[in-house]
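I have placed the structure first, in the form of C-alpha cells, so that the comments after it can refer back to it.
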Amino acid sequence: MKKILFGFLALSYILSITSCKKDKDPEVEPEYDAAYDGLEVYLSGYIQPENASMRATIWKNGKPSFPADPNHPSWAYDVRVQGSDVYAVGYVWRENESNNQQTGRVPILWKNGKRQDIEKSGDVEPRKLYISPRDNIYMIGYDFDNGNQQTIWKNNQRINMENRGSDMGFREMIEINGSLYVAGSTRIGAYLYATTWKDGKVQQISSMISTGDFIGYYGSDIYTYISNVHESDSKDRAFRVLKNNSLQYKLPLSKEDINNIDHAIGYMEGENTYVAAQFSYYPQKEPKTIKIWKNGKVLRELKGGDYTLNSFVVKNDADYIVCLDYKDNNYTPKLFRAGKELPIDFDAGKTNRIEGIYVK
C-alpha cells in the first residue's frame, strides 16, 4: 500500500505500515476465491495495464503471478504442472541495445518463475507445452524468420518432422511408450489433410480435406480427432473421432452448425472423448456460442456472451472452457467449469488474454 505522508511523525508512519500488514493477514483475507475450493487450476496469458507493455502472467486459482520483468513485452502461452514444478512457455521481446528497437521474440521456458531461453537468436514464438510422464519437455511454436513455419522442440532441441506437402501444421502431441505422436495437417495443393506423425515420420494422411486436431490414447488404443468442416460436399462435413485409424463415431451436426462452425478442440479423459466447438452465426450476427460434446452427445452449450474459444480441458469429468467474451468493443477472458464461471483477478489490467490451462 502506497501512501503520501505529509507532516507525520515517524511513529505515525510505523503505525500506518503495521495497520496495512494487518489488513493483508491471510487469516482475514483468503488467498484464493472460495469458488476454487478443492481445485488447483493454472492459467497462462498476459496482463497489460493502461499505458504499459503486456506482461506474461500465470494464474493459480484465479490469482496472478508474473514470471517476466515489466520492462519488455512478454506473453505466457501455455502452462503445465509436473509434480510440484510449474512450467510455462512463451516469449519476451528482444531489444537492440543501441536503439531500443524490438528485433524479435525470444522463446522462453519458465520453471517455477525462473527463465530459460530456448534459443538465443531469431524470431520464435512457442505456443504449446507438453511434459511427458518421462519428464521430456515438448513444445510447438512458430519460427517467424522462416515463413511462419511451425516447429516442435524436445528438451529445447528442434525435431525434424517429415513433410509430404508444401507445408505442415501441428495441433497436439503426446508421448506413448517413449514415442512422440503428433496430430496436425499437411498442405497438399490448395487444401489441408489431417496427418499423424510418430517420432517425426508421417504415419497417416487422411484422404479427406481436413485437419487433425487431437491425439490421445487409452490402454493400447490410439484416438485421433479429425475436423473436416470445410469439405466441399456439405453433407460430409463433420467432426470424426477415430480409434486406431478406424471411425469410432461422427458427430451429428445440423445444417446451421455446419455452415457456422469456426473451430473446435478435442480432448480425452480415460476412455471418454470430448469436443468443444465455437459457432459464429452469420449473417444474423448473433453472439458466438460454444458447444461441448461427450462421446458424441451434446453435453452443454455456453450462451449469454459473445464467446471465442481459446482452450478446453476435462478433469474428473468436469469440463473447463477458456474463452474471450466480446462486449463494449473489448475482449474479456472468461473461465468456465461445467458451465459455471470462475473468478479471475486481472490486477487492474486494461487488456488481458488467457490462452493456456492446466488442471491438476
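So here's what we get for this one:
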quantity	calculated
Sequence of GLU50, GLU269 once ranked by neighbouring C-beta atoms within 10 Å, starting from the fewest	GLU50, GLU269
Nearest 10 degrees, 0 to 90: helix 10-23 Cα axis against the chain principal axis	30
The chain - mean residue ellipticity at 222 nm from DSSP helices (-39,500 (n - 2.57) per run, n ≥ 4, rounded to 500)	-1500 deg cm²/dmol
P(r) weight above 16 Å for the stretch 160-250, C-alpha pairs, percent	49
Exposed chymotrypsin sites (Phe, Trp or Tyr not before Pro) absent: longest stretch of the chain, with sites in DSSP loops and at most 15 other Cβ within 10 Å deemed exposed	9-280
Distance histogram for the chain (every C-alpha pair counted, 10 angstrom bins, percent rounded to whole numbers)	5, 21, 31, 26, 11, 4, 2, 1, 0
Footprinting exposure proxy for LYS327, LYS128 (fewest neighbouring C-beta atoms within 10 Å first)	LYS327, LYS128
Furthest towards positive pole of dipole, ILE137, SER166, PRO73, structure part the stretch 73-188, Cβ charges	ILE137
Highest-MSF residue in the chain out of THR196, THR103, THR289 [GNM, Cα springs under 10 Å]	THR103
Neighbour-count order for LYS154, LYS340, LYS291, fewest beta carbons within 10 angstrom listed first	LYS340, LYS154, LYS291
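Every number here is computed from the coordinates shown, using simple stated rules; none is lab data. Just so we're clear, the structure is a prediction, and the values are computed from it rather than from any experiment. We place every Cβ from the backbone using ideal geometry, glycine too, and count neighbours over all the protein chains shown.
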